[in-house]
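Asker: The structure follows.
The values are calculated or read from the model by the stated rules, or taken from the named source; none is laboratory data. Just so it is clear, the structure is predicted and the values come from calculations on it, not from any experiment. FYI the Cβ positions are ideal-geometry reconstructions off the backbone, even for glycines, and counts take in every protein chain you see. Quick note on the areas: whole protein, heavy atoms, side chains included, nothing else; ligands and nucleic acids left out. Shrake-Rupley method; radii C 1.70, N 1.55, O 1.52, S 1.80 Å.
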Amino acid sequence: MRWNPKSKPNPEKVQAIQQALQVDEIIATLLVQRGIETFEQAKTFFRPTLADLHNPYLMKDMDKAVARIEKAIANNENILVFGDYDVDGTTAVSLVSSYLRSFYPNVATYIPDRYAEGYGISYMGIDYAEDNDISLIIALDCGIKSIDHVNYAKAKNIDFIICDHHRPGNILPDAVAVLDPKREDCSYPYDELCGCGVGFKLIQALAENRNQTIEDLVEYLDLVATAIAADIVSITGENRVLAKFGLEVINSNPRPGIKALIQNVKKKVLTITDVVFIVAPRINAAGRIKHGNEAVALLTEYDLDQAEQFASEIEQHNSDRKELDKQITKEALLQIEENNEQNRFSTVVYQENWHKGVIGIVASRLVENYYRPTIVFTKSGEKLAASARSVKDFDVYNALEACAEHLEQFGGHMYAAGMTLLEENYENFKNAFEKVVQETIHPDLLTPEISYDAEIELSEINPKLMRLLKQFEPFGPENMTPLFLAKGVTDSGYAKALGSDNEHLKAFVKQENSESFGAIGFGLGNKLDLVTNKNKFDAIFSLEENEWKDTVTLQLQLRDIR
């Protein structure tokens with residue numbers, strides 16, 4: 001790994017915030033690095049309130065969306081809430097449908113089948129709406145590029161409201177309302193919302209129209225926090241408020257579906273990281289292995305016994321997903337070796353029988369292995385479908401745009417995208433993508449980078465520092481867990497490798513004038529020889545509390561050593 005210090009903030013700004021808040025220099029440094037330079041900004045950061053949420057009517061077309069929904073209710077129309085099959089989509093559908101059903105019964109939900117329909121708004125979904133006398137579709141986490149689909153629906157007298165957060169194309173769909181903070185002509189103050197976040201703004205506007213307050217919507221925030229965690233959006237501004245209060249709901253009074261997913265977790269308080277690694281993969285597994293409808297059924301179920309039944313089925317899907325992911329990753333790595341493609345600038349692999357539901361995860365695994373932009377293809381009907389994953393600071397969406405002539409369709413973000421192409425275009429696309437990456441990627445980006453916030457002496461670590469660091473939560477993009485560098489560290493002599501393959505490292509570390517701290521390094525077992533025989537080494541780590549038999553101690557989670 002490349003070790004890079006984050007840029008040192010202006011010392012005067014650090015000193016000013018240090019004095020204003022009466023905190024140690026290390027905390028002041030972390031705040032200024034995050035753009036927090038005044039007492040007021042710090043107050044909003046450390047003590048977010050629901051009052052910090054923006055007025056939903058600041059979003060372009062929100063008034064039109066609310067008016068159309070109210071008209072549908074007044075006319076007793078059937079409404080269909082449509083969303084993608086991933087966590088963001090299924091939580092958004094669960095959120096908007098359960099809110100609407102709290103006062104209006106004629107609400108159905110629709111999640112497209114990953115295999116029969118693919119990503120986004122589908123013609124099958126619109127036909128379903130027509131067959132069921134539905135005249136309004138609310139599309140969540142998708143639809144911003146669905147020009148033809150919206151026109152198809154319009155010809156059948158079906159209106160669309162689109163709630164999306166993906167980048168729009170040059171033309172917007174001809175919908176009644178297009179809610180997307182990334183619209184060029186939308187001046188909404190925060191454009192990093194996820195799809196479920198945009199859905200929340202819609203129900204916030206509806207609630208306002210119905211003389212409800214934000215307090216009436218708190219019970220829905222467990223869904224929003226789950227989507228924010230799973231979609232890896234920035235945890236700044238409005239997302240920080242939604243994630244913080246959503247986590248409080250998850251930890252105190254979650255809906256039965258989420259309660260059923262987390263009841264076997266041993267931890268007293270779940271963090272956003274736990275949501276990413278425990279809740280999100282299970283919700284995702286439904287759409288990956290069976291059908292996203294199962295996730296919506298779980299998340300909208302009010303009976304705990306029934307929710308537990310749904311959760312156990314989803315648990316089985318998650319186990320199946322893990323097995324598939326392991327097997328396909330193995331086959332993909334073998335394909336790279338057999339084709340002598342270890343030294344390329346990109347990875348593009350294809351096998352027609354790979355399970356479409358896990359190719360995105362496999363792409364991430366291959367990035368971990370070769371650390372370069374990666375695309376995994378499988379057969380999907382008459383075409384090939386793929387998931388792309390990128391490396392830090394490389395925009396894979398732009399790279400796909402440069403290869404668009406070989407693709408049928410594509411969409412996504414800087415770091416993750418999906419696409420389809422005709423099988424005869426696969427080799428041409430593969431060569432074109434490699435060429436684009438080779439010509440545009442900076443060589444440094446092909447080595448993983450670890451950026452640390454500040455250098456620290458182990459003697460500076462104490463419970464007070466930990467208490468303050470915990471107030472920086474929830475962590476996520478643009479507010480990552482602080483990482484520290486400590487130099488000249490030694491182990492007490494008890495270091496050992498742990499795990500079935502000795503893949504993890506356990507040590508007790510100190511500097512000359514500090515006490516010893518327990519340290520754990522996941523995946524660092526192969527570096528055991530660096531810490532034995534009282535060798536001095538440098539470490540990049542985060543701080544965490546380790547609970548063991550009702551005792552809480554401070555522990556270093558090692559991220560890398562040298």
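Asker: Given R₀ = 35 Å, FRET efficiency for Gln212-Ile278 by Cβ-Cβ distance, to 0.05?
Answerer: The pair Gln212/Ile278 has a calculated efficiency of 0.65.
Asker: Could I ask something else about it? Along the positive direction of the dipole of the chain (beta-carbon charges: Lys, Arg +1; Asp, Glu -1; about the Cα centre), which of Val296, Tyr452, Ser97 reaches farthest?
Answerer: With unit charges placed on the Cβ atoms, the residue in question is Tyr452.
Asker: Sorted by packing (mean other beta-carbon atoms within 10 Å per residue), highest first, where do 253-266, 333-346 land?
Answerer: The densest-packed peptide leads the list: 253-266, 333-346.
Asker: Quick one: of the DSSP bridges fully inside the chain, what percent are antiparallel, nearest 5?
Answerer: Antiparallel bridges: around 60 percent, rounded to the nearest 5.
Asker: Related question: What accessible area per residue comes out for the chain, rounded to a whole number of Å², with a 1.4 Å probe?
Answerer: 45
Asker: Taking a ≥ b ≥ c as the square roots of the Cα gyration tensor eigenvalues, with a/c under 1.5 meaning rounded and otherwise prolate when a/b beats b/c, else oblate, which class fits the stretch 111-228?
Answerer: prolate
Asker: While we're on this one: Karplus couplings for the stretch 133-145 from phi (6.51 cos²θ - 1.76 cosθ + 1.60, θ = phi - 60°), rounded to Hz, Gly and Pro as x?
Answerer: In residue order, the calculated couplings are 6, 9, 10, 9, 10, 9, 9, 10, 6, 6, x, 5, 10 Hz.
Asker: How would the stretch 45-135 be classified by its alpha-carbon gyration tensor: rounded, prolate or oblate, with rounded meaning a/c under 1.5 and the a/b versus b/c comparison settling the rest?
Answerer: Oblate.
Asker: Can you give the accessible area of Lys244, probe radius 1.4 Å, in Å² rounded to 10?
Answerer: 60
Asker: Based on DSSP, what percent of beta bridges with both residues in the stretch 501-562 are antiparallel, to the nearest 5?
Answerer: For the stretch 501-562, the DSSP antiparallel bridge percentage is about 85.
Asker: Could you tell me the center-to-center distance, by alpha carbons, between the stretch 101-164 and the stretch 496-562 in angstrom?
Answerer: With the stretch 101-164 and the stretch 496-562 each reduced to a Cα centre, they are spaced 51 Å.
Asker: Shifting gears a bit: Any chance you could check the Cα centroid distance between the stretch 319-395 and the stretch 227-279 for me, in angstrom?
Answerer: Here the two parts' Cα centres lie 29 Å apart.
Asker: Using only protein heavy atoms and a 1.4 Å probe, report how much of Tyr110 is accessible, in Å² to the nearest 10.
Answerer: Near enough 30 Å² of accessible area.
Asker: Once you keep just the Cα pairs under 8 angstrom separated by 6 or more residues, what percentage relative contact order results for the chain?
Answerer: Rounded, it is 11 percent for the chain.
Asker: Continuing with this model, one more query. Using a 1.4 Å probe and ignoring any ligands, DNA or RNA, find the accessible area of Phe522 and quote it in Å² to the nearest 10.
Answerer: Probe radius 1.4 Å; accessible area of Phe522 about 120 Å².
Asker: Given the stretch 294-406, what percent of its DSSP beta bridges are antiparallel, to the nearest 5?
Answerer: Here the antiparallel bridges make up roughly 65 percent for the stretch 294-406.
Asker: Is the stretch 206-268 rounded, prolate or oblate when judged by the Cα gyration tensor, a ≥ b ≥ c being the square roots of its eigenvalues, rounded requiring a/c under 1.5 and prolate requiring a/b larger than b/c?
Answerer: Because a/c hits 1.5 or more and a/b fails to exceed b/c, the stretch 206-268 counts as oblate.
Asker: Next question, about the same structure. On a full-extension model of 0.36 nm per residue, what is the gain between Ala155 and Ile171, subtracting their alpha-carbon distance, rounded to one decimal in nm?
Answerer: My answer for the length gained is 3.9 nm.
Asker: Next question, about the same structure. Picking from Ile137, Gly120, Ala42, whose Cα lies most toward the positive end of the charge dipole for the stretch 1-144 (charges on Cβ: Lys, Arg +1; Asp, Glu -1)?
Answerer: Checked the options; the winner is Ala42.
Asker: Of the cross-linked pairs Lys156/Lys383; Lys392/Lys536; Lys43/Lys201; Lys145/Lys182, which ones have a Cα-Cα span greater than 19 Å in the structure shown?
Answerer: Long pairs (Cα-Cα over 19 Å): Lys156/Lys383; Lys392/Lys536; Lys43/Lys201.
Asker: Highest mean first, how do 389-398, 84-93 rank when packing is the count of other Cβ atoms within 10 Å averaged over residues?
Answerer: Sorting 389-398, 84-93 by mean packing, highest first, produces 84-93, 389-398.
Asker: Right, here's the next one. HN-Hα J couplings of the stretch 239-251 from phi, Karplus 6.51/-1.76/1.60, θ = phi - 60°, integer Hz, Gly and Pro as x?
Answerer: Karplus values, whole Hz, x for Gly and Pro: 4, 5, 5, 4, 5, 4, 6, x, 5, 4, 5, 4, 7.
Asker: Also: For the stretch 237-315, please report how many Lys pairs fall under 27 Å Cα to Cα, leaving out neighbours fewer than 8 apart on the same chain.
Answerer: Close lysine pairs under the 27 Å cut-off: 7.
Asker: Evaluate the distance, in nm, between pseudo-label points positioned 7 Å from the Cα of Gln342 and of Val552 along their respective Cα→Cβ axes.
Answerer: Modelled inter-label distance: 4.7 nm.
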